[in-house]
Amino acid sequence: MSTESIDTASKELWENAKKFFMMTLSSPEERSQAERYFGMITSVAREGDTFRIYTASDFAANLIRSDYVNRLKGAFMMSGYPATIDLIVEVDQSYRPRVVITPQPTPQTYAQPGYVQSQPQVSSFVSTLPLNEDYTFSTFVRGPSNSYAVSAAEGVVNNPAKSLYNPLFIHGGTGLGKTHLMQAIGNELRKRHPHLAICYLTSETFLNEYVNSLRNGQIESFRHKYRSIDLLLIDDIQFMAQKKDLQQEFFNTFNALKDNHKQIVMTSDVAPKNLPSIEERLISRFEGGMVQEIDAPSYETRLAILKKKSEGYDVKVPPNVLEYIASTIKSHVRAMEGALTRVSIAIGAEPGIILTTEKLAYLLKDYIEKERTMKKLTILEIQTACAAKYGVNQSDILSHDRLQTLVTPRQMAMYISRKLTSKGLTEIATAFGKKHATIINGVKAITARLNVEPQLKKDLEEILNQFGYRLSDIKD
Ligand code: ADP
Ligand code: MG
């Protein structure tokens, strides 16, 4: 083999490894940083199991050595090269500096496919935010974790504004399908009744429009718009907390719509009674129709969701890959989708690639780590889940009442917050409105009781399951 063809082969291997490496980076910042570092590489050369990377400067060599070498080994493995490869980064002594302008990657180069936003069709009414046409009932997978919520949503579609389902309030953790289900109602009703004025918005958009209309002296047209709607879909209602004027305005809108037999659907990350700083009278309005929860999906549901999503992809994702994702990414459907997109990009880039567990672990490292560190769990979610488990309110968790019926859920919430979030003691103490020592004592008390009280252990397990975790995820 001539030196030239060896060089070409090394170059190809490098380009391929780089491609896989770039796929594992999830943020545009990381990607442009990597592009910058790699832009400082002058040449590469493979000699058996050693791969040399030459850079323009000491500075670049150090950066690549410290930040990238280990992760690059995985990328070589993805390209079919042994993971035991010896990667050596050296300064290219023959290199003479010249001005190089490295093109920045355009943001969409590795971006995950975005949603295709639809335009409203028939009714002349323009929804505040467009509905996503992909969010339909047929693309939504039903499972034990969401079947009541789906039934309620179907109830709305079949009997809009019937008081049993009006309002419909759907709550649950992030990424579990609330927005999808809510928009499925909108899409289906629009299909069946194209003349309906359907409005989808978030409580934040409602706030912004409200503030703007006040500022521009257009509050009357704002009111008129929102009171002439046939179907109001209002997402993430929790953002209304602490905004008293907005709550008053929404209360009036709500009543006007309800009085006119118009359908209202709302979503939130917590149940109405656990919405922090929302007026009592609004909460009782929210609870006046049907309240349904969406839980974290089981393994079977996760797998079914992945199968359904992958049907829409150009490449065929093998079953073992879907199973791997369903068993490693549990808490978040959105993260599952991100993982699926990434493996399908890898398959598209290298048709016929065999994605072993080892390769998948490399490719999806950040998703898996995120799942492990469980950063997504908020203390509020934990408090709410513990309160619900014991039939009390989240505000009871924050109170100073020492009734045993309140102490157990409160200490359980402290225990889970300490064990499953990355929050420090100070942050946890603040979130509970307690002293550090109280949190430490609470964690200790639960730890001791878990050893002798099987029922408490079962309670803990059930709360953890709601978040997609098991007892074994709790570390000492
Ligand atoms: P939330 O509003 O609860 O945070 P989303 O509705 O935005 O969650 O869902 C996140 C992603 O997960 C969306 O792409 C959605 O299509 C998908 N998803 C969630 N649950 C399901 C399900 N049961 N079937 C199909 N897709 C789902
Ligand atoms: Mg949402």
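The values are calculated or read from the model by the stated rules, or taken from the named source; none is laboratory data. Predicted, not measured: the structure shown is a model, and the values here were computed from it. Here the Cβ positions follow ideal geometry from the backbone for every residue, glycine too, while neighbour counts run over all protein chains shown. Heavy atoms of the whole protein, side chains included, go into the accessibility calculation; ligands, DNA and RNA do not. Shrake-Rupley method; radii C 1.70, N 1.55, O 1.52, S 1.80 Å.
For the chain, what does the accessible surface come to per residue with a 1.4 Å probe? Please give it in Å².
Details: 23220 Å² over 476 residues.
Spelled out: the 1.4 Å probe surface of the chain, per residue, equals 49 Å².
Out of the stretch 301-400, which trypsin sites (Lys or Arg not before Pro) are coil in DSSP terms and have no more than 13 other C-beta atoms within 10 Å? Could you put the intermediate results ahead of the total?
On the way: sites: Arg302, Lys307, Lys308, Lys309, Lys316, Lys330, Arg334, Arg342, Lys359, Lys365, Lys370, Arg372, Lys375, Lys376, Lys389; in loops: Lys316, Lys330, Lys375, Lys376.
Here the sparse-neighbourhood loop sites are Lys316, Lys375.
Could you pull out which residues in the stretch 24-51 have an amide N less than 13 Å from a spot 7 Å beyond the Cα of Glu350, following the Cα-Cβ vector?
24
What percentage of the solvent-accessible surface of the chain, computed with a 1.4 Å probe over protein heavy atoms, is contributed by carbon and sulfur atoms?
52
In terms of Cα to Cα distance under 20 Å, which aspartates and glutamates are near enough to Lys458, apart from those fewer than 8 places away along the same chain?
Output for Lys458: Asp295, Glu381, Asp473, Asp476.
With both bridge residues required to lie in the chain, what share of the DSSP beta bridges run antiparallel, to the nearest 5%?
Working: 8 of 32 bridges.
Antiparallel: roughly 25 percent of the beta bridges in the chain.
Just to confirm the number: angle between the C-alpha axis of helix 203-215 and the first principal axis of the chain, 0 to 90 degrees, nearest 10?
70
Only loop residues by DSSP count here, and only those with at most 14 other Cβ atoms within 10 Å; note down the trypsin sites (Lys or Arg not before Pro) in the stretch 415-460 that meet that. Don't jump to the answer; show the numbers that get you there.
Working: sites: Arg418, Lys419, Lys423, Lys434, Lys435, Lys444, Arg449, Lys457, Lys458; in loops: Lys423, Lys434, Lys435.
Of the trypsin sites (Lys or Arg not before Pro), the ones in loops of the stretch 415-460 whose Cβ has at most 14 other Cβ atoms within 10 Å are Lys435.
Can you work out the FRET efficiency for the pair Leu129 and Leu471, with r the C-beta to C-beta distance and R0 = 60 Å, to the nearest 0.05? Kindly include the intermediate steps, with their values, before the conclusion.
Working: r = 41 Å, r/R0 = 0.68.
Here the calculated transfer efficiency is 0.90.
Taking H as built 1.01 Å from N, whose amide H comes closer than 5 Å to the amide H of Ile294, not counting residues under 5 places away?
Hits under the 5 Å cutoff: His171, Gly172.
List the GluC sites (Glu not before Pro) within the stretch 369-476 that fall in a DSSP loop (any state other than H, G, I, E or B) and whose Cβ has at most 16 other Cβ atoms within 10 Å. Mind showing how you got there, number by number?
Values: sites: Glu369, Glu371, Glu381, Glu427, Glu461, Glu462; in loops: none.
Answer in residue order: no site qualifies.
Name the longest site-free stretch of the chain, where the excluded sites are chymotrypsin sites (Phe, Trp or Tyr not before Pro) in a DSSP loop with no more than 14 other beta-carbon atoms within 10 Å.
On the way: sites that count: Tyr95, Tyr115.
It runs 116-476.
Given points 7 Å out from each Cα along the Cα-Cβ axis, report the Asp58 to Ala448 separation in nanometres with one decimal.
5.9
Which of the lysines could a cross-linker bridge to Lys73, judged by Cα under 28 Å and excluding same-chain residues fewer than eight apart?
Hits, sequence-local ones excluded: Lys11, Lys18, Lys19, Lys316, Lys330, Lys359, Lys365, Lys370, Lys375.
Full-extension gain between Glu220 and Leu164, please, as 0.36 nm times their residue separation minus the C-alpha to C-alpha distance.
Working: separation 56, 0.36 × 56 = 20.16 nm, distance 3.08 nm.
My answer for the length gained is 17.1 nm.
How high is the relative contact order of the chain, given as a whole-number percent (alpha carbon pairs under 8 Å, six or more residues apart)? Spell out each step's value before the answer.
Values: 677 pairs, mean separation 61.4, N = 476.
Value for the chain: 13 percent.
Under a straight-distance cross-link criterion of Cα-Cα below 25 Å, which lysines are reachable from Lys191, leaving out those fewer than 8 residues away in the same chain?
Hits, sequence-local ones excluded: Lys162, Lys178, Lys225, Lys258, Lys262, Lys308, Lys309.
Rounded to the nearest 0.05, what FRET efficiency is calculated for Glu280 and Arg65 with R0 set to 60 Å and r the Cβ-Cβ distance? Write out the running numbers ahead of the final one.
Details: r = 60 Å, r/R0 = 1.01.
The computed FRET efficiency comes out at 0.50.
In nanometres, what is the gap between the two model label sites at Asn208 and Lys458, each 7 Å from Cα along Cα-to-Cβ?
Inter-label distance under the simple model: 4.9 nm.
Determine the distance separating the Cα centre of the stretch 246-318 from the Cα centre of the stretch 205-243; give it in Å without decimals.
18
For the stretch 321-476, calculate the relative contact order in percent as a whole number, restricting contacts to Cα pairs under 8 Å that are 6 or more residues apart. Walk me through the intermediate numbers first.
On the way: 136 pairs, mean separation 30.8, N = 156.
Taking the mean separation of contacting Cα pairs over the length of the stretch 321-476, I get 20 percent.
Could you tell me the calculated FRET efficiency between Leu403 and Arg36, based on Cβ-Cβ distance and R0 = 41 angstrom, to the nearest 0.05? Please report the intermediate quantities before stating the final value.
Details: r = 59 Å, r/R0 = 1.44.
It comes out at approximately 0.10.
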